[in-house]
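Undergrad: Please read through the structure below; I'll follow up with questions.
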Amino acid sequence: MRAREDAIREILDRHGVEAVYVASTGFVSRAVCAQAESEHDVFYMQGSMGMAPSIGLGIALGTARDVVVINGDGALLMSLGATHTIRDHAPANYFHYVLDNGCHESVGGQPVARLESSYPGVTEIIKVERGERPPRVTVEPLENARRLRERLTSGQ
């Protein structure tokens, strides 16, 4: 498992300033922004969770430059069906990296479903550390569901 910053730096170094980057929403965009140099061409996709791979595909179909999508695991799961379209239509200049920290970090650190080891249309899944930030939502999903169920069935 690596630090997110190290994984992003490795991706940026691997593809260089000649590539076009699409950074997924939330912490991924902020982390890429902190690592990318002014020479990097980065589209910081904000507000459309799960759509970075599709946006990257559209860009890749219109340029000969490498197009590199840097995505999060939660965002990938939000639009998982796009992976099959990417598998079937992406040109050779399309690269899709998923940073897997096991949670929706931007919206509170809630856990996400565990990813498979690979998906069509995904170049590499990179396990990254969540870091030192505590979850902003302090109740676990199962406990939250249990409490809500209890309140609903008790008529409160």
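The values are calculated or read from the model by the stated rules, or taken from the named source; none is laboratory data. As the structure is a computational prediction, the values presented were derived from the model and not from experiment. Cβ coordinates were reconstructed from backbone atoms using ideal geometry, including for glycine residues, and neighbour counts include every protein chain displayed.
Undergrad: Can you go through ARG65, ARG2 and tell me which one is among the basic types (Lys, Arg), more than 12 Å from the chain's Cα centre (by Cα) and farther than 24 Å from VAL112 by Cβ?
TA: ARG65
Undergrad: Show me the helices (runs of 4 or more DSSP H) entirely contained within the range 64-156 in which 3 or more residues are more than 23 Å from ALA52 (Cβ to Cβ).
TA: Per the criteria, 141-153.
Undergrad: Another question about this same structure. Does at least one position in the range 76-85 carry a residue that is closer than 20 Å to MET45 by Cβ, under 20 Å from the mean Cα position of the chain (by Cα), surrounded by fewer than 12 Cβ atoms within 10 Å (Cβ to Cβ) and not basic (Lys, Arg)?
TA: Looking through the range 76-85, at least one residue is closer than 20 Å to MET45 by Cβ, under 20 Å from the mean Cα position of the chain (by Cα), surrounded by fewer than 12 Cβ atoms within 10 Å (Cβ to Cβ) and not basic (Lys, Arg).
Undergrad: Quick check: is even one residue across the range 104-126 at pLDDT 90 or above, closer than 21 Å to VAL20 by Cβ and among the small types (Gly, Ala, Ser)?
TA: Checking the range 104-126: at least one residue is at pLDDT 90 or above, closer than 21 Å to VAL20 by Cβ and among the small types (Gly, Ala, Ser).
Undergrad: Does at least one position in the range 81-90 carry a residue that is in contact with a helix residue (DSSP H, G or I) (Cβ under 8 Å, 6 or more places away or on another chain) and either free of Cβ contacts under 8 Å to residues at least 12 places away in the same chain or within 22 Å of GLU10 (Cα to Cα) (or both)?
TA: Scanning the range 81-90, I find no residue that is in contact with a helix residue (DSSP H, G or I) (Cβ under 8 Å, 6 or more places away or on another chain) and either free of Cβ contacts under 8 Å to residues at least 12 places away in the same chain or within 22 Å of GLU10 (Cα to Cα) (or both), so the answer is no.
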